[in-house]
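Participant: Following this message is one structure expressed as structure tokens.
Please treat every number below as a calculation from the coordinates, not as lab data. Not measured: the values here are computed from a predicted model. Backbone-built Cβ (ideal geometry, glycine too); neighbour counts: all protein chains shown.
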Amino acid sequence: MAQNINVTSPEFDYTIKIGSGLLDKIGEYVPAAPSVVITNTTVASFYGKRLSQLLPNSSVITMPDGEQYKTLETVNGLYPELVTAGLDRSGTVMALGGGVVGDTAGFVAATYMRGVRFVQIPTTLLAMVDSSVGGKVGVDLPQGKNLVGAFKQPEVVIIDPDVLATLPEREWRCGMAEVIKHGFIADEQLLQPELWDKTQAEILIARAVAVKVKIVQEDPYEKTVRAYLNLGHTFAHAIERVSQYSWPHGEAVGVGLVAAARLSYVLGLCSAELSEKVEKVVSTVGLPTRIGDLDPAELFAAMGSDKKWQAGHSRFVLLKAIGQPVIAHDVEAGVVIETLRQLKS
Ligand SMILES: NC(=O)c1ccc[n+]([C@@H]2O[C@H](COP(=O)([O-])OP(=O)(O)OC[C@H]3O[C@@H](n4cnc5c(N)ncnc54)[C@H](O)[C@@H]3O)[C@@H](O)[C@H]2O)c1
Ligand SMILES: [Zn+2]
């Protein structure tokens, strides 16, 4: 039985459907007007053919696989394909894939003909619990992550946990980074390893999605509490950039959570126990807790292009306790760099 989670957004309300076997019913949820599925080469190799059969009137367009393709160049290449596919203003763009496809296709949907309808069909755990919900879409610039984007709400989000069967183990762990992030922000239950079993993915996803939905409904345009969802992300985005995206987003978030918790402790915001707990949960999931050979000073410098740092003033989401995130401004560079240095080994 599929679960429906209803989301109120400033433009319209939409439903997140979660349930085994939903992919096979996709035709029921897509508007009858022309539609185009944007996916990548890897996801197409698993599900492209099936989707073409399920949606005989839709074109399937593929982009290359990888964060390095979440760019304006890719977007530029997709627009003419939509024209060729005959997509007009009544049409729908569907994103079938992980967060990279979702963010890129969503940006295309937000801008093509000043915006067409958009449907999210996330296929990674990360995209299911995080990126497909809340309407943020966009691409990276060489100067930093997600620097060009828009808010584009989906008409519907279709989550079929069955597609996780083909997801590599490493990508599952990356998704778990966002699940535990939601746990630390707002739902301690998500931190219980008993809930992490893949056989119960549907329950885990629904619970993790619920945290994000509650926050984005309260603050759709990130004026206040939505910023809490960036816990660990100032560090993570710097790690991704400095490593030239050889670190996947989820692994960078894992270390980012550890760094944020340690910084919270150093600044006197939380107990040593909480900082240790964050590290333990991250390592139990199987995510990295150390920055390896990345240079702390270089990481700090890379944080300067974080779009949340207004006029160069640092801003971190930190933790006072589980369920109590806080925002800290103007943390001294030396303190941040020293925190990262301690994560060298
Ligand atoms: N918009 C938002 O609010 C938001 C939130 C969080 C993250 N993000 C973005 O999401 C991106 C990361 O997303 P991701 O972790 O899903 O990475 P991803 O999209 O690169 O997917 C990870 C890998 O899994 C493969 N894959 C996807 N589904 C599969 C399946 N079912 N079976 C087998 N392989 C599959 C992909 O081809 C890729 O190689 C980052 O760009 C990040 O910035 C956006
Ligand atoms: Zn993230």
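Participant: Going down the table (136/320; 25/277; 280/308; 49/214; 181/223), which pairs top 31 Å between alpha carbons?
Facilitator: On the way: 136/320 27 Å; 25/277 41 Å; 280/308 28 Å; 49/214 36 Å; 181/223 20 Å.
Exceeds cut-off: 25/277; 49/214.
Participant: Can you tell me how much longer the chain between residue 301 and residue 1 gets when fully stretched, taken as 0.36 nm per residue apart minus their C-alpha distance, in nm with one decimal?
Facilitator: 103.1 nm
Participant: Follow-up question, since we're still on this one. Relative to the longest principal Cα axis of the chain, at what angle does helix 249-266 sit, 0 to 90 degrees, rounded to 10?
Facilitator: Taking the Cα atoms of the chain, the angle to 249-266 is about 30 degrees.
Participant: Principal axis extents for region 3-167, Cα atoms only, whole Å, descending order, please.
Facilitator: 39, 33, 30
Participant: Relative to the longest principal axis of the C-alpha atoms of the chain, give the angle of the C-alpha long axis of helix 99-111, reported between 0 and 90° and rounded to the nearest 10°.
Facilitator: Tilt relative to the chain: about 60 degrees.
Participant: In nm, give the distance between the simple-model label positions of residue 111 and residue 170, each being 7 Å from the Cα along the Cα-to-Cβ direction.
Facilitator: 3.0
Participant: While we're here: Amide H of residue 94: which non-local residues (sequence gap of 5 or more, or other chain) have their own amide H closer than 5 Å, using H built in the peptide plane?
Facilitator: 36, 37, 38, 119
Participant: Turning to a different aspect of this structure: Please say if region 285-345 is rounded, prolate or oblate, where rounded means a/c under 1.5 for a ≥ b ≥ c the square roots of the C-alpha gyration tensor eigenvalues, and otherwise the choice is prolate for a/b larger than b/c and oblate otherwise?
Facilitator: Details: a/c = 1.89, a/b = 1.11, b/c = 1.70.
Judged from the Cα gyration tensor, region 285-345 comes out oblate (a/c at least 1.5, b/c at or above a/b).
Participant: Continuing with this model, one more query. State the Cα centre-to-centre distance between region 248-292 and region 1-50 in whole Å.
Facilitator: 34
Participant: By how many nm would the segment from residue 28 to residue 192 grow when fully extended, if each residue of separation counts as 0.36 nm and the alpha-carbon distance is taken off? Could the numbers behind the result be given before it?
Facilitator: Details: separation 164, 0.36 × 164 = 59.04 nm, distance 3.55 nm.
Using 0.36 nm per residue and subtracting the Cα-Cα distance, I get 55.5 nm.
Participant: For region 231-345, what does the alpha-carbon gyration tensor say about shape, rounded, prolate or oblate, given a ≥ b ≥ c as the root eigenvalues, a/c under 1.5 as rounded, and a/b over b/c as prolate?
Facilitator: Details: a/c = 1.55, a/b = 1.07, b/c = 1.45.
It is oblate, given that a/c is not under 1.5 and a/b is not larger than b/c.
Participant: Whole number please: convex hull volume per residue of the Cα set in region 150-292, in Å³? Let's see the in-between values first.
Facilitator: Working: hull volume 19.1 nm³, N = 143.
Spread over its residues, the Cα hull of region 150-292 gives 134 Å³ apiece.
Participant: How far is helix 169-186 tilted, in degrees, relative to the longest principal axis of the Cα atoms in the chain, given as a value from 0 to 90 rounded to the nearest 10?
Facilitator: With rounding to tens, the tilt is 70 degrees.
Participant: Which percent of Cα-Cα pairs in the chain sits in each 10 Å bin, short to long?
Facilitator: 6, 27, 35, 23, 8, 1
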